Amino acid sequence: MKRQEEVQAKLERVRGFMSKQELDAVVFNNKINYQWLTGGGDNHVVIDSDGGVAVLVVTHDGQHIITNNIEAARQEDEEIGELPFEIHFMNWHEENREAMLDHIVSGEIATDATWPGGARAMGEQLARLRWSLLEPEVERYRELGAITARALTETAGEIEPGMTEHEIGAHLAAKLIAQNVVVSVLLIAADERVAKYRHPLPTDKRLEQKAMLVIGARKWGLDISATRLVHFGPLDDELIDKHRAVCQVDATFLAETVPGAAVRDIFRKGIAAYEATGYPEEWRLHHQGGATGYAPRDYKGTMACPETVLENQAFAWNPSIAGTKVEDTIVARADQTEVLSVDEQWPTLEVEYAGRTMARPDILVR
């Protein structure tokens, strides 16, 4: 499927939604929806902003981009290319997106973010349009997963005791940035901070024996989440037991994430695995992950989650037990659960679940 065909398929999803909701147009202001609808195009300048420098407008008979004179040329040359979007722009000092929208469409309008002029805020409903990935998206996701997993392996093999958490994070981030990957989450913990904090922002603490590397990486709008641990010297029995247990929990989450499965049922089975492995309360100390794709988490798994796994929907489960954690990004395929963030050089631990043997990331011992 060519990029133009991918974008056309997505436009058909949007227009089908518009017909059901009796809408005349949809305004996509959120940059992750821009990346989804353009098949990997980019409209960000500020990394941590939700909105982008260009807005997409879809009507029943056309699709448009609203931006300013600073961005118009680069959007056309480097992001849109031959895609069938008409670009509208004003000078940056005169920019009025609402006025430009009035020239394009009138009537009932929905938006994925706050928009002046009375547009209906339907961000949650519009997000669902991107949950089930098309094959070109899975292919790009697979490539991003490989890049990210390889960066984790290389970083874990290069770092040395005495390095600060900031220095370790810099090594990992540099490998990703060099391949046009945006680092959206970067958590590094050394030694006792691995057990003490579930969200360990890097500090000046120096590595002595153990490090946990947590990464959120984004390219083409797609988000990969992964966690790896490296240990200098032999593992003690307690850590071996904890890591095998957390891998057992993770295998449960992964094996149960199949199209048609209720997310609340997957979550309950994961919690049961915590109890069966001897760590019944650990799940309460951190969320267990959930659906991903174009957002780090579209929603988190809980016992009350009303969602059902879709075919080709991405998930990133992240079970943890104090001192260890496992996390990979997967796609729920019709015939298998595909793990995207895999590097064959990383050591694995085999665990059994429901008659299946599953390889999960072990702790790298150096």
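The values are calculated or read from the model by the stated rules, or taken from the named source; none is laboratory data. The structure displayed is predicted, hence computed values, not measured ones. Cβ coordinates were reconstructed from backbone atoms using ideal geometry, including for glycine residues, and neighbour counts include every protein chain displayed.
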Are there any pairs with C-beta distances below 6 angstrom linking a residue in the range 38-67 that is within 16 Å of Asp24 (Cβ to Cβ) to a residue that is of a type in the set (Val, Ile, Thr) and in a loop (DSSP other than H, G, I, E, B), with the two at least 6 apart or on different chains, and if so which?
-> Thr59/Val105
Is there a residue being within 23 Å of Thr148 (Cα to Cα), assigned by TED's automatic domain parsing to the domain that holds Ile147 and either of a type in the set (Ser, Thr, Tyr) or touching a His at 6+ places or on another chain (Cβ under 7 Å) (or both) anywhere in the range 249-261?
-> yes
Given the conditions (1) among the charged types (D, E, K, R); (2) under 19 Å from Leu101 (Cβ atoms); (3) without any contact (Cβ under 8 Å) to a residue 60 or more places away in the chain, every one holds for Glu22 apart from (3)
Candidates Ala226, Ala174, Ala170, filtered to the one that is in the same structural domain as Val339 (by TED's automatic domain parsing) and either in a strand (DSSP E or B) or touching a residue at least 60 places away in the same chain (Cβ under 8 Å) (or both) = Ala226
Starting from the range 343-366, keep only residues that are more than 18 Å from Leu254 (Cα to Cα), then list their pairs with residues that are assigned to a strand (DSSP E or B) and hydroxyl-bearing (Ser, Thr, Tyr) whose Cβ atoms are within a distance under 9 Å, requiring at least 6 positions of separation or different chains.
-> Ile363/Thr324
Among the residues listed as Tyr294, Tyr279, the single one being surrounded by fewer than 22 Cβ atoms within 10 Å (Cβ to Cβ), of a type in the set (Ser, Thr, Tyr), in contact with a strand residue (DSSP E or B) (Cβ under 8 Å, 6 or more places away or on another chain) and in a loop (DSSP other than H, G, I, E, B) | Tyr279
